[in-house]
Amino acid sequence: MTAITPEIVAEHGLQPDEYARILKAIGREPNLLELGIFSVMWSEHCSYKSSRIHLAKLPTKAPWVIQGPGENAGVIDIGDGDAAIFKMESHNHPSFIEPYQGAATGVGGIMRDVFTMGARPVANLNSLSFGAATHPKTKQLLRGVVAGIGGYGNCTGVPTVGGEVRFHPSYNGNILVNAMCVGLARTDKIFYSAAAGIGNPVVYVGSKTGRDGIHGATMASAEFDEDSESKRPTVQVGDPFMEKLLIEACLELMATDAIVAIQDMGAAGLTSSSVEMASKGGVGIKLIMDNVPTREEGMTPYEMMLSESQERMLMILKPGAEPQAEAIFRKWALDFAVIGHVTDTGRLQLEWQGEMVCDLPLDPIGEDAPKYDRPWAPTPPRAPLGEVADSADLMGDLVKLLGSADLASRRWVWEQYDHMVGADTVQRPGGDAALVRVHGTKKALAISTDVTPRYVFADPLEGGKQAIAETWRNITAVGATPLAVTDCMNFAAPTRPEIMGQFVGAIEGMAQACRALDYPVVSGNVSLYNETEGQGILPTPGIGGVGLIADWERSATLALKAAGEEIWLVGASAGHLGQSIWLREIRGLEDGPPPPVDLTAERAAGDWVRALILNGTLTAVHDTADGGLLVALAEMAMAGGIGASVTPKGSHFAAWAYGEDQGRYIITVKPGTTLPPCPVPLSRIGSTGGTALKVEGIGAQDIGALRKAHEIFLPDMMAR
Amino acid sequence: MKTAVVVFPGSNCDRDLAVALELITGVKPAMLWHDDTELPAGLELIALPGGFSHGDYLRSGAIAARAPIMREVIEAAGKGTPVLGICNGFQVLTEAGLLPGALMRNAGLDFVCRDVALEVVTTETPFTKGYQPGETIRIPVAHHDGNFQADADTLDRLEQQGQVAFRYAEEVNGSARQIAGILNAKGNVLGMMPHPERVVEQAHGNTDGRKLFEGLLNVLA
């Protein structure tokens, strides 16, 4: 037996004090297999050891929440016996090392989290952060990630309906790939992961176990360095065809009542699924490792337990249900093996070649994992932005902004995704939120992913509020009621107090916004150590919001609909240029505080707009976000192929046009419409019509020219 | 009208096609499994759906074309039963030899999903009776391997004998002569890359695909 040396402990990513904790918990020295199991379960990725005490501050409850954080995904009630099940998860480190497979398996993993709960996946979204558009690696990473997301999602027949792509030098050495999946189930057919029933069979289904992805969770819990490229073998390889078969086979079995509990084998594979299922059920589990289907001969239990081979699930079946279940999996040509049973020991016991090779108490592995209250330093407040000279060419700036990396059209990306399969995509990519019909009904889910990392960096609290508020606003802008969010918290190393300060601040801001908007967090994921050689990413708490509209025919789109309509601006405008895209792209400054979010005004404005969408008063709606008022109006004009004419306000035209004040919407109405009293400032800003976007007294730009600048950026960048 | 949709492992537009057929014919289609060795009696349309049968491994459609059910489909097609293959279904039909040519990787190498303009080249078939000759319609594509290629003689013959059903009215994937859909010589087998089943109701934003199914219904029912 291998003796456990301090070097071996370190290779497993465990600190000396954590190893001492293991010795104390089990009262003896672990063998190598047992050490491996502790190392993955206590990795940051699986244990949330640095983030747990802060995550607990997020509101997670509402009358419509069926399942909050702690399961494979969150579940909300959307009426009529229907439930929406969703989660977002990161696959950052693998995607930087091997972009196609890293992104593809990220999509596969999040879909398994959703269908393991009984839901048919109906929508995928992605929040992607890349380095500077001009960085030599960015192009190849973008191409690989987009191809990987498309390659996996398209094959499984789940539409990729939305998401976001951003570029910033802080991601040069550490891109972010966050994948979100939303599924639909019946509220009385939701499956959970807690094992139960002493003696019940433990069943392995899906693909065989190979030697890929061993230590993936540990890699995802460490910083990058120049040797990270050598970690390519830790990246898993996805097989979307296998995933498609697994979805169909699992859903077919779930229609019977054979399953007691089920969980996918995600990060840390067979280890985390068996440990978590047994821990949640307060039982023990015994596995016969000789029965695990393997891809190659001679695999050791250590390799089997730590493999992250994809497209595998672990289930506890009712006694006697094995033949029925096996027939379904054989029909779909998938592996099916009874590999153990539920015990009353409270222990994880693994037998191999007739010997007990692992015998550990479950509590210390899961529930008693280390929990750290790491020191943190609050982010110092930014000094107010001083005087900024007004724009010398307001309309020229508009063309530059629409054709800039962060604001340019994402068509090149989403045309590589099948965003229509399922024939329920009512609003395709390019709008404020994707709208996906609940199959066979008039109901639709509105889904949006958002975060503005530069705001979070400048002020984590306001940035955290803004990330939540922006998904809420985007969902509102299509006419849906926002119900709940999933979060994907991407930060640098938590061992640095200033990074922990960003995390703590962002959580506080998110919690405030969730409370003010009745918009709880139901699932999420934390990805730390996103840095390369000490260079951290911008703090990026990606938010995926889900809302509901009772009748999709009532929904609104951002496209201008007709000439001669009135254009109104909802919400207060202070002309906030700090951290704006205009300031960065035109003045070359990333400076000042981000725009504050007034949550009371946010909610009042949104509720007012939504009511007017639903009663048919508004002809077009768009929230004003990145880029400000004039950019938002240009997007509406380009989408509708109709121009607009607006009158500027104030003396600083750039602040009026490109300030990024929050909580605002542009709406259009038929001429002569009487709008009801508005709880936030409301002002008429112009009229629709013509073929240009015109700012009275300043100038005009033809829609064709705007569209050209907007559409050409990504194709040009990728062709270079 | 009695219809059937063939499901291969990896098909993923089978439900969408079944929903469209039921919407327009009023009757649920029979769902056939690739391993089946018999067709239900009296079928008036056999439809092969889009998706990634067998993961597109080997070549798109190649493994599915050898499925047990395909022997029956080929036999039925020979007897004149209308057969419609959409996207991966078109790829299966070429691999099974029911249609000439091959669907290669898109010229741009990337997967492409968007609405495209299509010219209806012939209305002299049960599949296209619902359209006006020369009409331009908009139907989405979603494929990686939609680049139709055949030798020049075959292409000439397809054009001369009225076997080109749809032509792209814009550049999409590098297809020879911008061919988007073709018929067999008898006119009872249609393969097309665009997805008419995705544009059959108002929620889809346009209903240009509807007329294909309605035309079939009028001719066959």
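The values are calculated or read from the model by the stated rules, or taken from the named source; none is laboratory data. Just so you know, these numbers come straight off a predicted model, no measurement behind them. Reconstructed Cβ throughout: ideal geometry from the backbone, glycine too, with neighbour counts over all protein chains shown.
Before we move on, is A:Val456 within 13 Å of chain B (Cβ to nearest Cβ) and either buried (at least 21 other Cβ atoms within 10 Å of the Cβ) or among the basic types (Lys, Arg) (or both)? Spelling it out, it is not the case that A:Val456 is within 13 Å of chain B (Cβ to nearest Cβ) and either buried (at least 21 other Cβ atoms within 10 Å of the Cβ) or among the basic types (Lys, Arg) (or both). Evaluate segment A:586-597: report whether one residue or more is at negative phi and either among the acidic types (Asp, Glu) or within 19 Å of the chain's Cα centre (by Cα) (or both). For segment A:586-597, residues at negative phi and either among the acidic types (Asp, Glu) or within 19 Å of the chain's Cα centre (by Cα) (or both): present.
For A:Leu35, the conditions (1) crowded, with 24+ Cβ neighbours inside 10 Å; (2) part of a helix (DSSP H, G or I) all hold with the exception of (1). Selection within segment B:191-219: residues that are away from chain A (no Cβ under 14 Å) and under 21 Å from B:Lys28 (Cα atoms). The member of this set that is surrounded by the most Cβ atoms within 10 Å (Cβ to Cβ) is B:Leu212. The residues of segment A:133-180 that are in a strand (DSSP E or B) and of a type in the set (Gly, Ala, Ser), listed by number, are A:Gly162, A:Gly163, A:Ala179.
Let's see how each residue does on (1) out of contact with any helix residue (DSSP H, G or I) (no Cβ under 6 Å at 6 or more places or on another chain); (2) in contact (Cβ under 8 Å) with a residue 12 or more places away in the chain; (3) surrounded by 18 or more Cβ atoms within 10 Å (Cβ to Cβ):
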{"position": "A:Asp626", "(1), (2), (3)": "no, yes, yes"}
{"position": "A:Glu635", "(1), (2), (3)": "yes, yes, yes"}
{"position": "A:Trp656", "(1), (2), (3)": "yes, yes, yes"}
{"position": "A:Lys670", "(1), (2), (3)": "yes, yes, no"}
{"position": "A:Thr673", "(1), (2), (3)": "yes, yes, no"}
{"position": "A:Cys678", "(1), (2), (3)": "no, yes, no"}
{"position": "A:Glu696", "(1), (2), (3)": "yes, yes, no"}
{"position": "A:Arg707", "(1), (2), (3)": "no, yes, no"}
{"position": "A:Asp716", "(1), (2), (3)": "yes, no, no"}
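Out of the residues in segment A:145-157 that are within 19 Å of A:Arg720 (Cα to Cα) and within 12 Å of chain B (Cβ to nearest Cβ), state the one that is farthest from the chain's Cα centre (by Cα). If we take residues in segment A:145-157 being within 19 Å of A:Arg720 (Cα to Cα) and within 12 Å of chain B (Cβ to nearest Cβ), then A:Ala147 is farthest from the chain's Cα centre (by Cα). Give the residue that is surrounded by the fewest Cβ atoms within 10 Å (Cβ to Cβ), with candidates limited to residues of segment A:158-184 that are touching a Ser or Thr at 6+ places or on another chain (Cβ under 8 Å) and within 14 Å of chain B (Cβ to nearest Cβ). If we take residues in segment A:158-184 being touching a Ser or Thr at 6+ places or on another chain (Cβ under 8 Å) and within 14 Å of chain B (Cβ to nearest Cβ), then A:Pro159 is surrounded by the fewest Cβ atoms within 10 Å (Cβ to Cβ). A:Trp568 fulfils the conditions (1) in contact with a Lys or Arg (Cβ under 6 Å, 6 or more places away or on another chain); (2) assigned to a loop (DSSP other than H, G, I, E, B) except for a single criterion, (2).
Out of curiosity, is A:Ala620 closer than 22 Å to A:Trp414 by Cα and within 29 Å of the chain's Cα centre (by Cα)? The answer is no for A:Ala620.
Looking only at residues in segment A:332-389 that are within 25 Å of A:Asp290 (Cβ to Cβ) and among the hydroxyl-bearing types (Ser, Thr, Tyr), the one that is surrounded by the fewest Cβ atoms within 10 Å (Cβ to Cβ) is A:Thr345. Quick check: is even one residue across segment A:229-244 at pLDDT below 95, closer than 28 Å to A:His93 by Cβ and among the hydroxyl-bearing types (Ser, Thr, Tyr)? Yes, segment A:229-244 contains at least one residue that is at pLDDT below 95, closer than 28 Å to A:His93 by Cβ and among the hydroxyl-bearing types (Ser, Thr, Tyr). So for segment A:49-61 (the condition being under 29 Å from A:Pro301 (Cβ atoms) and either without any contact (Cβ under 8 Å) to a residue 60 or more places away in the chain or more than 19 Å from the chain's Cα centre (by Cα) (or both)), does at least one residue qualify? Yes: one or more hits. Among the residues making up segment A:466-510, those that are closer than 26 Å to A:Met117 by Cα and of a type in the set (A, V, I, L, M) are A:Ile468, A:Ile475, A:Ala480, A:Leu483, A:Ala484, A:Val485, A:Met489. Consider segment B:39-58 and keep the residues that are within 14 Å of another protein chain (Cβ to nearest Cβ) and in contact (Cβ under 8 Å) with a residue 12 or more places away in the chain. The one that is farthest from B:Val189 (Cα to Cα) is B:Gly55. Tell me, yes or no, whether segment B:83-102 has at least one residue that is in contact with a Lys or Arg (Cβ under 6 Å, 6 or more places away or on another chain), in contact (Cβ under 8 Å) with a residue 40 or more places away in the chain and within 11 Å of another protein chain (Cβ to nearest Cβ). No: segment B:83-102 contains no residue that is in contact with a Lys or Arg (Cβ under 6 Å, 6 or more places away or on another chain), in contact (Cβ under 8 Å) with a residue 40 or more places away in the chain and within 11 Å of another protein chain (Cβ to nearest Cβ).
Taking only pairs six or more apart or across chains, which ones have beta-carbon atoms under 7 Å, a first residue in segment A:333-352 that is within 14 Å of chain B (Cβ to nearest Cβ), and a second residue that is crowded, with 18+ Cβ neighbours inside 10 Å and in a loop (DSSP other than H, G, I, E, B)? Going by the 7 Å Cβ cut-off, the qualifying pairs are A:Ala333/B:Pro9.
Within segment A:646-669, being part of a strand (DSSP E or B) and aliphatic (A, V, I, L, M) holds for A:Val646, A:Ile666, A:Ile667, A:Val669.
Count of segment A:333-381 residues, restricted to those that are closer than 16 Å to A:Tyr19 by Cα and basic (Lys, Arg), is 1. Among the residues of segment B:104-150, those that are within 14 Å of another protein chain (Cβ to nearest Cβ), crowded, with 17+ Cβ neighbours inside 10 Å, in a loop (DSSP other than H, G, I, E, B) and touching a residue at least 60 places away in the same chain (Cβ under 8 Å) comprise B:Asn106, B:His144, B:Asp145. The residues of segment A:432-451 that are surrounded by fewer than 24 Cβ atoms within 10 Å (Cβ to Cβ) and out of contact with any Phe, Trp or Tyr (no Cβ under 7 Å at 6 or more places or on another chain), listed by number, are A:Val438, A:His439, A:Gly440, A:Thr441, A:Lys443.
As a summary of the residue check, A:Pro370 satisfies the conditions (1) assigned to a loop (DSSP other than H, G, I, E, B); (2) closer than 22 Å to A:Gly108 by Cα; (3) not acidic (Asp, Glu) except for the one numbered (2).
Taking the conditions (1) in contact (Cβ under 8 Å) with a residue 12 or more places away in the chain; (2) over 15 Å from A:Gly544 (Cα atoms) in turn, A:Gly440 satisfies each one other than (1). B:Phe166 - would you say it is more than 14 Å from every other protein chain (Cβ to nearest Cβ), assigned to a strand (DSSP E or B) and in contact with a Gly (Cβ under 8 Å, 6 or more places away or on another chain)? Against the criterion (more than 14 Å from every other protein chain (Cβ to nearest Cβ), assigned to a strand (DSSP E or B) and in contact with a Gly (Cβ under 8 Å, 6 or more places away or on another chain)), B:Phe166 qualifies.
Give the residues of segment B:1-38 that are within 11 Å of chain A (Cβ to nearest Cβ) and either at pLDDT below 95 or on the phi > 0 side of the Ramachandran plot (or both), sorted by residue number. Selection gives B:Gly10 alone. Listed conditions (1) free of Cβ contacts under 8 Å to residues at least 12 places away in the same chain; (2) within 14 Å of chain B (Cβ to nearest Cβ) are all met by A:Arg554, apart from (1). Scanning segment A:396-442 for residues that are of a type in the set (A, V, I, L, M), part of a loop (DSSP other than H, G, I, E, B) and within 13 Å of another protein chain (Cβ to nearest Cβ) yields A:Met420, A:Val421, A:Ala423, A:Val438.
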